[in-house]
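Have a look at the structure below before the remarks.
The values are calculated or read from the model by the stated rules, or taken from the named source; none is laboratory data. Computed from a predicted structure; not experimentally measured. So basically every Cβ, Gly included, is an ideal-geometry build from the backbone, and we count neighbours across all protein chains shown.
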Amino acid sequence: MGLRPGDAVAILMRNDIAFLEASLAAIEMGAHAVPINWHAKPQEIDYILKDSGARVLVAHSDLLAPLGAEHVSDIEVLAVKTPPDLLGGYRIDTDKAVPDIAARDWHLWLHEQKEHRSDVPKFIQSMLYTSGTTGVPKGVRRFAPTAEQKLLMQETRRSVYGVTPGVRLMIPGPLYHGAPNGIAISAATVADLLVLMPRFEPEQLLAEIERHRIDCVFMVPTMFVRLLGLPAEVRSKYDLSSLRFVLHGAAPCPADVKRRMIEWWGPVIHEFYGGTETGPIAFSDSAAWLRRPGSVGQVLDRVTLRIYDENGEDCPPGVPGEIFARLSHYPDFTYHGQEVKRREVERDGLITLGDIGYRDDDGFLFLCDRKRDMVIIGGANVYPAEIESVLSAMPGVRDCAVFGIPDAEYGESLLALVEPQTDHSFGPAEVLVYLRQRLSGFKVPRQVEIRSGLPREDSGKIRKRLLRAPYWEAAGRLI
């Protein structure tokens with residue numbers, strides 16, 4: 001197809017073996033695999049295709065169906081027949097799973113090819129696009145590592161991500177997301193077995209662990225919540241003794257949820273903090289976390305981390321500020337075509353993910369919230385993540401989101417959206433009573449609404465931008 005090193009191959013698929021085939025093929029060519037969130041709308045997909053300069057699009061047939069020819073007029077399209085387990089798991093109408101645009105059949109095309117090897121340097125270089133919650137998505141394009149950096153990155157994948165030779169690994173999260181993507185592609189070259197779940201289902205995950213003797217899993221906290229919601233007799237019927245390394249990240253994990261998971265699965269729960277731009281920054285095993293509940297661990301070797309206040313001064317232990325860090329052996333990156341945005345996230349050679357946090361006297365790192373999610377009430381900083389952590393421990397709560405909405409007196413006030421479990425029923429008054437018993441008065445939301453189906457990304461991040469927008473649009477202001 002004429003691809004050259006540095007070109008982009010877009011991938012629009014749910015979890016499937018073909019996703020890995022296309023990614024590994026791009027790596028072989030020295031090209032960038034560009035995973036696209038399959039929840040995206042046609043215009044959002046069109047933006048990423050054009051912004052990345054993708055020469056090829058590999059996509060599941062049903063995901064191509066909504067795309068008009070105008071979105072792929074200048075790109076080579078390879079259609080992957082949507083597998084039966086995905087059609088059933090997502091209740092996809094087979095009649096609507098056929099694209100009406102010109103596309104080659106992936107499997108037929110692949111069968112026609114001869115083995116090809118290139119002599120370009122190989123390294124995992126998927127160009128992942130950020131979620132775009134504060135604007136259009138940004139493609140994180142990492143530069144090629146040196147030989148020394150490559151060796152150290154491999155060691156990080158072993159020690160932090162658990163990707164060791166012979167691993168039996170399962171990925172229940174979406175491959176378009178950073179950590180599952182990198183872990184799965186790394187494991188594809190060294191694992192004894194790699195299992196991709198088409199879609200996360202709590203009991204199915206337990207069954208697959210037992211069936212395949214899985215020893216390593218990457219998860220997000222919402223999966224823990226769903227697992228703990230299973231009846232006790234279901235949780236106890238599966239043999240999970242093969243597990244040795246269960247890693248979670250991507251979103252804050254409520255302390256009560258994590259403690260219950262450790263009690264159930266044993267001291268195999270590990271946590272890392274980091275992002276697409278920085279790589280891993282901090283890490284914690286179960287024993288360390290039990291010594292410092294609520295922390296995301298201690299800063300990794302070869303990581304420089306500083307916490308700045310609003311004036312750019314270093315925060316002392318225990319005082320929250322914006323976290324900036326750099327992992328010395330991680331190659332530098334740029335935002336594809338957005339150099340100004342790249343400069344905005346750097347200070348003193350360190351990179352921020354926009355998180356607010358602090359370190360205690362022993363060097364354990366604690367997260368407070370995203371900088372953009374922090375709410376200022378009458379001049380006081382309030383961190384919704386703290387309130388959500390308390391709410392998630394309330395009996396009968398399935399999910400929750402807390403954020404700021406316009407307030408004539410204080411500028412902003414807190415709103416809590418709470419989704420009950422299907423077998424529970426409660427009202428706003430009960431939620432407020434629960435919170436007042438556990439939080440300072442200024443942290444208790446002024447309003448509580450009972451909702452169903454709160455929107456979360458498959459990565460575990462709640463889509464607060466969608467929830468928050470109607471309140472601010474009605475007020476005619478953004479802050």
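One table, with the values for the structure above:
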read-out: Within the stretch 308-348, considering residues that are touching a Gly at 6+ places or on another chain (Cβ under 7 Å) and not in a strand (DSSP E or B), the one modelled with the highest pLDDT; value: Cys315
read-out: Residues (surrounded by 14 or more Cβ atoms within 10 Å (Cβ to Cβ) and of a type in the set (Lys, Arg)) located in the stretch 290-313; value: Arg292, Arg306
read-out: Residue satisfying all of: in the stretch 156-196; charged (D, E, K, R) and out of contact with any Gly (no Cβ under 6 Å at 6 or more places or on another chain); farthest from Ala251 (Cα to Cα) among these; value: Arg168
read-out: Looking only at the stretch 408-443, and only at residues there that are assigned to a strand (DSSP E or B) and modelled with pLDDT under 90, the one that is farthest from the chain's Cα centre (by Cα); value: Gly411
read-out: Residue tally, condition within 19 Å of the chain's Cα centre (by Cα) and of a type in the set (S, T, N, Q), over the stretch 335-383; value: 1
read-out: Considering residues of the stretch 64-85 that are at pLDDT below 85 and of a type in the set (A, V, I, L, M) only, the residue farthest from Ile17 (Cα to Cα); value: Ala69
read-out: Residue, nearest to Gln113 (Cα to Cα), within the stretch 1-57, restricted to residues that are touching a Leu at 6+ places or on another chain (Cβ under 8 Å) and among the basic types (Lys, Arg); value: Arg55
read-out: Residues being among the aromatic types (Phe, Trp, Tyr) and in contact with a Ser or Thr (Cβ under 9 Å, 6 or more places away or on another chain) - total across the stretch 107-130; value: 1
read-out: Residue under evaluation Thr82, criteria (1) under 24 Å from the mean Cα position of the chain (by Cα); (2) closer than 23 Å to Thr189 by Cα, criterion not met; value: (2)
read-out: First in the stretch 412-440 and assigned by TED's automatic domain parsing to the domain that holds Leu454, second anywhere and among the hydroxyl-bearing types (Ser, Thr, Tyr) and at pLDDT below 90, Cβ under 7 Å, 6 or more apart; value: Glu419/Ser452
read-out: Lone unmet requirement of (1) of a type outside the set (Ser, Thr, Tyr); (2) at pLDDT 95 or above; (3) surrounded by 15 or more Cβ atoms within 10 Å (Cβ to Cβ) for Cys253; value: (2)
read-out: Any chance Val390 is crowded, with 19+ Cβ neighbours inside 10 Å, in the same structural domain as Arg465 (by TED's automatic domain parsing) and in contact with an Asp or Glu (Cβ under 6 Å, 6 or more places away or on another chain); value: no
read-out: Of all residues making up the stretch 166-213, the number that are in contact with a Lys or Arg (Cβ under 7 Å, 6 or more places away or on another chain) and of a type in the set (S, T, N, Q); value: 1
read-out: Count of residues meeting criterion [over 22 Å from the mean Cα position of the chain (by Cα), part of a loop (DSSP other than H, G, I, E, B) and in contact (Cβ under 8 Å) with a residue 24 or more places away in the chain] in the stretch 255-292; value: 1
read-out: Hey, Ala26 of a type in the set (A, V, I, L, M, F, W, C) and over 22 Å from Thr334 (Cβ atoms) or not; value: no
read-out: Subset of the stretch 433-450 [crowded, with 16+ Cβ neighbours inside 10 Å and either among the charged types (D, E, K, R) or more than 25 Å from Phe224 (Cα to Cα) (or both)]; value: Lys443, Val444, Pro445
read-out: Residue ID - farthest from Gly357 (Cα to Cα), chosen from residues in the stretch 293-321 that are touching a residue at least 40 places away in the same chain (Cβ under 8 Å) and among the aliphatic types (A, V, I, L, M); value: Leu300
read-out: Options Pro384, Pro395; residue that is crowded, with 20+ Cβ neighbours inside 10 Å, within 15 Å of Pro254 (Cα to Cα) and at pLDDT 80 or above; value: Pro384
read-out: Unique match (being among the β-branched types (Val, Ile, Thr), in contact (Cβ under 8 Å) with a residue 12 or more places away in the chain, part of a strand (DSSP E or B) and touching a Leu at 6+ places or on another chain (Cβ under 7 Å)) among Ile387, Ile405; value: Ile405
read-out: Sole exception among (1) more than 15 Å from Ser286 (Cα to Cα); (2) part of a helix (DSSP H, G or I) for Ala251, by number; value: (2)
read-out: All helices (runs of 4 or more DSSP H) inside the stretch 128-235 with 3 or more residues being modelled with pLDDT of 90 or more, among the β-branched types (Val, Ile, Thr) and within 25 Å of Val34 (Cβ to Cβ); value: 178-190
